[in-house]
Structures are given as C-alpha cells and as structure tokens.
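Quick notes on the structure that follows.
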Amino acid sequence: MIQFNRFVLANGLRVLVHEDHSTPMAVLNVMYDVGSRDENPEKTGFAHLFEHLMFGGSVNIPDYDEPLQRAGGENNAYTTNDLTNYYCQLPAENIETAFWLESDRMLSLAFSEKSLEVQRKVVCEEFKEHYINKPYGDIWHKMRALAYKVHPYKWMTIGKELSHVENVQIDDVKKFFFKHYCPINAIIVVAGKVKTEEVKILIEKWFGDIPSGEKYDRHLPQEPKQEKPGLLEIRADVPLDAFIKTWHMGGRLDKEYYIADLIGEILGGGASSRMYQSLVKEKQLFSNLDCYHYGTVENGLLTIEGKLVKGVSMADAEKAVNEEIEKIKTETVGDTELQKVKNKTESVIAFEDMSVMNRANSLAFYELLGDATLMNSELERYNAITSVDILNYSKELFDENNSNTIHYYSKN
C-alpha cells in the first residue's frame, strides 16, 4: 500500500507527497496533462519538442542541468501520446533546488530563436535516425495511420512527418506552452525523505504565485468501431520479413484493458508464452515474437509483432499466428496458466514500486487518470479477471474486422 498526502494550491496545482524515510534521496516529479494527442494535426511533434525545449533554460536559469548537478541531482523527461513528465532526483537536503528549477521554467521558460533552432535540429536528427533511416523505423508510423482514421493516436509522439518539426515557428511554440504548461494542467509529486508540512511550505513558496492558466478541456474525435480489416504491404531494405498485427482494445480505466493485458501476456509476454514456445522455439517460424500494448489512456492497440525466419513465407507465419489466436478465442485458459500471468504481473508491479522515482511517477499518472488511490487497487483489478472474461473478450477483441496488419517484406 503506497501512502500519500494530497492537496491543491489556489492556482489549481495538484500536489501529492509520498514520504519514505528509508532513503536519503528525494524526487520531484512534474507531470503535465499534455501529449501528442493534443496537437494540431497539421503541427505535430510539439509535445515531444517541448520536452527538449524545457531543458533549454529559463529566463533566470540559462542552464537547467548545471545547478541540479551541483546539488548532486539527476534529471530526465519523457513524452507519450497522453502526457509529458519531468523528474529529478537528488539528496533530500537539497530538494529545494528542484523546486526552484521546476517553478522557474513553468513560470518563465526562455523562448529564444537560438534555443528553438538547437532543439529543432536535435529532434529532426532523432526523427531521421530512428524513424527514417533505421530498418523498420517507419512501421509504427504506417500502423498508426492504418489503425486510426480520426483519433490523434494516428500519429507518433515524434510527429506525423518531419516537416512539421522543421517548420515550427517561435509563435507556435509560445501558444502551445501557454495553453498547456501551467499549474491548472500540472501534477507535482514529491517523494522520498521529505515531510508533508515542509513540502507544503516549499510548494507555496515556489509555485503558489504562478498564474493558474486555463484548464485544458479535451474534445478529441473518437475512433469509430472498425468495420473491416486493414492490410498494408511494404517492401524495404531490411534484413528480414516482419509481421505486425493490431487490434483495438479498451482504454486505461476499462475492465477490458486489464483483460487485454493478461491476454497479451498469455500469447506473447516473454519466453514462456504460448506463441514464443510454439512459433519461435518449436516451429521456428519467427526469430522473435511479442504481444504487447502501450498502455494508452484512451482505446489502444494490442499488438503482435515479430521477424520471420529467413525462408519462411508470410502466409505460413500469419496462418500460425491465427491458429494461436483461434485457440484463445475458443478454448478456456486453464487456472494454472492464468495464475502464472497474474503472478508475473504482480511481480512487475512490485518491482516498479521498489524505486521511489517510479512510485512518484505512478502516483502522478494515476492522479492524471483521475484518482491516485487507483495505484493501490491495480492488482485487485487484475486478480478479478476470470478465464471466462478472457474467453469472452478474446472473441470480441480478435474479430478480424477489428484488426490491421502490415506485411513488411525484405527486398533481399
């Protein structure tokens, strides 16, 4: 059970404090309720670009890293479709340095053409390296566009196309910042060797005077039910043929999310899973095969992805995958197998909760979902899933009309 205290400042900033006096460290985690789903379809990649820009210095602090490192700290950040998260960890006695740094860039990020140019180049290089020049790098760009017709999950966090980042202007950046990066759209978690009363004083001191901003109210287009399967064939200069297939699944707070998560573990969650044992080890059709999803807040995609062994035909590989899917749609999963994946899920959750940094991040995420106490009931939700739930949802989930497939062929 993760204990925490919660309070809200007058400007709308939500604050959670998790005290853990077994560590000499403290973590300040700032989560902004903005991700790539909140971008203009003609100007994508902004949330990720901002992750970089936020380290470009604020009006009062030209170098974010230097004072943090002097205080013995480290920091990082990440962006997803749904959120942007910044976090720093440092010795608890120096925690005020983190408050000072984070409050200053929330209040007065430096918008300079120079900083924008530097970070734009960095992001453009990242785009080219990982998504244009890298083998299979375009596979998720193509899959998202195939699977989503209207929902903004149809583009990746890096952006829909390189030109969107290349053409970004300083005014675009300012508008995006003032719309999303404000107390009313932020959650702060302070965790580690801290006391709630002391955190309240520091939060008021460093964040209390920042104007709240306007609450961002999402009205995203919802993806309609898919009526027919999608298929795309790609030929590229890659070493092996690849197969990737997705199905629309429930969102993060739906019961179906938890069922789909367990289905993914049963089918392709590691070396002891059904498909790995059957299609990689026994039949040797795939060199690797995984079943996974990205844990998106709104309806996501359950994915089966693998590289074919050289000489194996796409038809044979796909037929074998379909046979495994047919089994889970028609045969009840045994109690032992179901308990095994539940145990694995429990150990993953327990392992994640060992780190104070992970705990801070998780608390922020569940607060973003609407209720931080959900963090303590996740396991109950998994344990409540029955083999009947898995059988029934598999029939709905693995409807061929709910699927999108890419056959990625090697030119060699």
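Cβ-Cβ below 9 Å, separation at least six or inter-chain, first residue in segment 198-220 and in contact (Cβ under 8 Å) with a residue 24 or more places away in the chain and closer than 13 Å to PHE178 by Cβ, second assigned to a loop (DSSP other than H, G, I, E, B) and among the aliphatic types (A, V, I, L, M): which pairs? Note: pairs meeting the criteria are ILE210/LEU9; ILE210/LEU13; SER212/LEU9; SER212/ALA10; SER212/LEU13; TYR216/VAL34. Number of residues in segment 67-110 that are surrounded by fewer than 19 Cβ atoms within 10 Å (Cβ to Cβ), outside any helix (DSSP H, G or I) and either more than 24 Å from the chain's Cα centre (by Cα) or in contact (Cβ under 8 Å) with a residue 60 or more places away in the chain (or both): the value is 5.
Among residues of segment 65-105 being out of contact with any Asp or Glu (no Cβ under 6 Å at 6 or more places or on another chain) and aliphatic (A, V, I, L, M), the one that is nearest to THR23 (Cα to Cα) is ALA92. Considering the conditions (1) in a loop (DSSP other than H, G, I, E, B); (2) closer than 26 Å to LYS114 by Cβ, MET156 is excluded by exactly one of them, (2). Check ALA47, ALA77, ALA92 and return the single one that is over 29 Å from HIS151 (Cα atoms) and of a type outside the set (D, E, K, R). Of the residues listed, the single one that is over 29 Å from HIS151 (Cα atoms) and of a type outside the set (D, E, K, R) is ALA92.
Please specify each residue of segment 4-37 satisfying the condition of being assigned to a loop (DSSP other than H, G, I, E, B) and over 24 Å from the mean Cα position of the chain (by Cα). Give the steps one after another, and end with the answer.
Taking segment 4-37 as the starting set, the residues that turn out to be assigned to a loop (DSSP other than H, G, I, E, B) are 4, 9-13, 20-24, 33-35.
Passing the criteria: LEU9, ALA10, ASN11, GLY12, ASP20, HIS21, SER22, THR23, PRO24.
Scan segment 237-255 for residues that are more than 12 Å from ASN299 (Cα to Cα), part of a loop (DSSP other than H, G, I, E, B) and aliphatic (A, V, I, L, M) and the total you get is 2. Just one of the listed residues (THR345, THR386) is more than 30 Å from ALA26 (Cα to Cα) and assigned by TED's automatic domain parsing to the domain that holds ARG252, and it is THR386.
Only one of VAL333, VAL341 is at pLDDT 95 or above, among the hydrophobic types (A, V, I, L, M, F, W, C) and within 30 Å of ILE139 (Cα to Cα); which?
So the residue among VAL333, VAL341 that is at pLDDT 95 or above, among the hydrophobic types (A, V, I, L, M, F, W, C) and within 30 Å of ILE139 (Cα to Cα) is VAL341.
Only residues that are at pLDDT 95 or above, charged (D, E, K, R) and in a helix (DSSP H, G or I) were counted across segment 167-195, and they come to 0. Just one of the numbered conditions (1) aromatic (Phe, Trp, Tyr); (2) within 27 Å of ILE61 (Cα to Cα); (3) surrounded by fewer than 15 Cβ atoms within 10 Å (Cβ to Cβ) is not true of TYR216: (2). Entry remark, segment 40-66: residues being assigned to a loop (DSSP other than H, G, I, E, B), of a type outside the set (A, V, I, L, M, F, W, C) and surrounded by 22 or more Cβ atoms within 10 Å (Cβ to Cβ) number 2 in total.
Scanning segment 349-384 for residues that are among the hydroxyl-bearing types (Ser, Thr, Tyr), outside any helix (DSSP H, G or I) and under 18 Å from the mean Cα position of the chain (by Cα) yields no hits at all. Apart from one condition, GLN226 fits all of (1) touching a strand residue (DSSP E or B) at 6+ places or on another chain (Cβ under 8 Å); (2) closer than 30 Å to SER22 by Cβ; the exception is (2).
Scan GLU265, GLU204 and give me the residue that is more than 26 Å from GLU337 (Cα to Cα), acidic (Asp, Glu) and in a helix (DSSP H, G or I). Even if it seems obvious, please write down each step before you answer.
Numbers: GLU265 fails: more than 26 Å from GLU337 (Cα to Cα).
Selected residue: GLU204, the only one of GLU265, GLU204 that is more than 26 Å from GLU337 (Cα to Cα), acidic (Asp, Glu) and in a helix (DSSP H, G or I).
The values are calculated or read from the model by the stated rules, or taken from the named source; none is laboratory data. Nothing here was measured: the structure is a model prediction, and the numbers come from that model. Note that we place each Cβ from the backbone using ideal geometry, even for glycine, and neighbour counts take in every protein chain shown.
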